[in-house]
């Protein structure tokens, strides 16, 4: 009797062990399938509910189509998460047979999460891409060519001008993503502070004009004032600076650098001098604000801030001073360095099995007026001219400012550089480290230039 | 063998010793099988979740692997590159060694001092032991790291206190000269777990030694140096090893508070490894770094072990 009991226990444990082994060793696809099935099942009640609720109006959209689930990944702050989730709810109401599972994080963890998912063959159906990563993902066949989905009408691109979409199209005509909105680099300025000190920097002003303005405020204020806020975007700033010199950060082939040594020395010298002469915030103060999630500009501790145009929407929300946008400083006799950046896009991953449903989702974001009212142009000015005109009449405040800015900046742009090569993030890391040593006065501009160029070339080779 | 066995059984009718032995053996086998069956979930976890990744990382350390495409074999390139041509590897090693060799002794000193204080058995020591243990329970957590960043930030409490004393504060975390100390202070502050172990060690010391000493007229300092400290050396040894290894692997606090900056002054090894692996997707390189760290920790542990015969006192070995 006792023996039997023991036997039973042993058998049970062996069985449990065996089953676990079998599950664990099962192929990747199997376990994925399990996950997907599970997701489908759990989502069913919700979908049915939606079906019942909208039975009257939306029959045409629902039809007899099979229920599908798509996963959508994006990065952002809480504001963007809230707006995007609201937009997804609208989409689900419109297409009751499609359930959308959102996967969102902040920028910091976003790419780490995606790359692990990529390694596990488990990327979300729709990925919010950034221009700087597009090449990396596309060159590894992780993105689906969207041209066929455009051709068969699932994504309507009739109202989207080429200028917004060109950057997402590879040389061979592959469409890697659909732009989510346009922005441009620019200078956010604290209008109240500048007006108080009687400073008026008309577009076309130079870097020297900007530095003089910072000194003027610094000399005439009793308040704590840091001057210019680089916003940890010195790399972007140099992108424009190099282009203003008729050069570029990367060479067209993407296997080396595309600027002259002297250009970078000049730029580094400017950065270092600005910090040393207190025309710009020191590195530790800048990082203190960024880590704390605060804005120097919004608090009136800085007068100008290197940024991307869509970001002033966030700055304005946390400030009771008036924030505006100005073009980047120019170089006398230099070229136009800025460019319109449709910097974010939606791509469909090659791990997706729901291309059509995903395409519908992208189309919805691109062309639906109601959903764009919810999204408030937070990812940039909408790329569809119909949506843009519709929104232009409605939006106000900082969002309206970004719309106006994109029209203004057009006169200061030249054609965009090709997409950054795959090693871009490492090159950027190297640049930022070198800038740090400069701002802490631990290297001369010449030394810093040498170090960066050496490191970058080694990375890009 | 089996044939001989059979013959023996046929020839001798009553069950001989050998038969009993066989039964015993069978029973033993059954028992150990049962044992394995019972721990099979854990074993499985070990093989799949621990041993598997360890072997995989060993293989990957000889490859160029970016997670997105499949690994390509490059032999010892990663190791050569790390050891001969990576200035940030050196930076990170130095930062880590400084951190470990400053923070570990200080942490143990604090832990020992408080353990001795709490070993008096006075009223309320239990309460204080608990209070002082709390930092090491919550210390690794994200919340404490964020609090630390606030405390030592530009407008943090530390600067406020200094300000009220008339001393100009500075941005502790943003300054390359002080950032490392901020992390060292945080880690020292988490002395709770070595303290508890010291307390347990102190209670193991036979009271008759102290009685004998007091009869001989030894003072408190003499008692501490001649009895407490020698009797405690095995526990100090244990704590030293554990804290040293822990120090080498410090990640969470540094990642959350300084992210390796400013100017790589707090670029601990684990941080650099993480950066390579997950920010730049150089998994092969990072795997090779992980194996180098393993070797480094092993060497330092061996050195500590080797020296232990000179200073660790085991009662059971008659004093040596």
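The numbers here are math on the coordinates, done by the rules we state, and not lab data. These numbers come from a predicted model, not from an experiment. Here the Cβ positions follow ideal geometry from the backbone for every residue, glycine too, while neighbour counts run over all protein chains shown.
Listed values, structure above:
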item	result
Highest-fluctuation residue, B:304, B:173, B:245 considered, GNM on chain B with Cα pairs under 10 Å	B:304
Distance (nanometres) between label positions extended 7 Å along Cα→Cβ at residue A:461 and residue B:17	7.5 nm
Among beta bridges that DSSP assigns inside the protein assembly as shown, antiparallel share in %, nearest 5	60 percent
Where only alpha carbons of the range A:201-273 are counted, the Rg and the Dmax (Å)	15.0, 51
Reduced Cα scattering model of the range B:17-60, Debye log10 I(q)/I(0), q = 0.22, 0.23, 0.33 Å⁻¹	-0.73, -0.75, -0.98
Chain A - percent relative contact order, Cα under 8 Å, separation 6 or more	23 percent
For the range B:37-111: rounded, prolate or oblate by the Cα gyration tensor [a/c cutoff 1.5]	oblate
Order of B:306, A:191, A:301 under a 10 Å beta carbon neighbour criterion, fewest first	B:306, A:191, A:301
Helix-only mean residue ellipticity at 222 nm for chain B, each DSSP H run of n ≥ 4 adding -39500 (n - 2.57), per residue, nearest 500	-22000 deg cm²/dmol
Ranked list, fewest to most other Cβ atoms within 10 Å of each Cβ, for A:263, B:207, A:399	B:207, A:263, A:399
Partner chain coverage, peptide B:64-70 - average Cβ within 10 angstrom	5
Burial ordering of B:280, B:59, A:110, fewest other beta-carbon atoms within 10 Å first	B:59, B:280, A:110
Per-residue [θ]222 nm for chain A (sum of -39500 (n - 2.57) over DSSP H runs n ≥ 4, rounded to 500)	-16000 deg cm²/dmol
Nitroxide proxy distance, nm - points 7 Å out along Cα→Cβ at residue A:101 and residue A:386	3.3 nm
Whether the range A:113-193 is rounded, prolate or oblate, judged on the alpha carbon gyration tensor where a/c under 1.5 counts as rounded	oblate
Computed E for residue B:142/residue B:177 - FRET, C-beta separation, R0 25 angstrom, nearest 0.05	0.45
Label-point gap, in nm, between residue A:451 and residue A:269 - each point 7 angstrom along Cα→Cβ	2.0 nm
Segment residue A:370-residue A:82, length gained on full extension (0.36 nm per residue, minus Cα span)	102.1 nm
Highest-MSF residue in chain B out of B:174, B:246, B:45 [GNM, Cα springs under 10 Å]	B:45
Inter-part distance where the range A:384-456 and the range B:139-177 are each reduced to a Cα centre, Å	32 Å
Whole-number percent relative contact order across chain B, with pairs defined as alpha carbons under 8 Å at least 6 apart	26 percent
Three principal axis lengths of the range A:293-341 [C-alpha, angstrom, descending]	37, 22, 18
FRET efficiency, residue A:261 to residue A:132 (Cβ-Cβ, R0 22 Å, nearest 0.05)	0.40
Shape category assigned to the protein assembly as shown from the gyration tensor of Cα positions, a/c cut at 1.5	oblate
Percent of alpha-carbon pairs separated by more than 36 Å within chain B	44 percent
R0 of 56 Å, Cβ-Cβ distance residue B:295-residue A:162: FRET efficiency to nearest 0.05	0.50
With eigenvalues of the C-alpha gyration tensor scaled by 5 and rooted, the range B:169-320, Å	41, 20, 11
GNM flexibility winner over chain B from B:126, B:261, B:217 (Cα, springs under 10 Å)	B:217
